[in-house]
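Each remark here refers to the structure printed beneath this line.
The values are calculated or read from the model by the stated rules, or taken from the named source; none is laboratory data. Since the model is a prediction, treat every value here as computed from it, not as a measurement. Using ideal geometry, Cβ is built from the backbone for each residue, glycine included, and neighbour counts are taken over all protein chains shown.
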Amino acid sequence: MYNSIAKNNIVYNEPLGIFISRSHSNQIYNNTVSNSGNGINVNSGSTDNKMYDNTIMNSNPLLGASTTNNQKSTSQQARK
């Protein structure tokens, strides 16, 4: 995924929530993730992604990242 937008999604009871891998320069915003194994996870090989104004509830981990560069995350609401 390159230069894409993931917005206004409702993710409920999924094992991965929102998951991106080897993705670059994307925007992930205004999403609701609840009762999922992962809230939002940015995996290895991903760079310059922006995540903001998301709501994550009853998901663990809420936000995750592994070996990524230049990720920007602001204004996340996280509730357990």
(request) Scan the stretch 14-45 residue by residue and report those that are within 13 Å of Ser4 (Cα to Cα) and under 10 Å from the mean Cα position of the chain (by Cα). (result) Ile20, Gln27, Ile28, Tyr29
(message) I'm told Ser34 meets every condition in (1) at pLDDT below 90; (2) in contact with a Ser or Thr (Cβ under 7 Å, 6 or more places away or on another chain); (3) surrounded by 14 or more Cβ atoms within 10 Å (Cβ to Cβ) except one. Can you identify the failing condition by its number?
(response) (1)
(message) I need the full set of residues from the stretch 15-28 which are surrounded by 14 or more Cβ atoms within 10 Å (Cβ to Cβ) and either more than 18 Å from Ser59 (Cα to Cα) or modelled with pLDDT of 95 or more (or both), in order please.
(response) Ser23, His24, Ser25, Asn26, Gln27
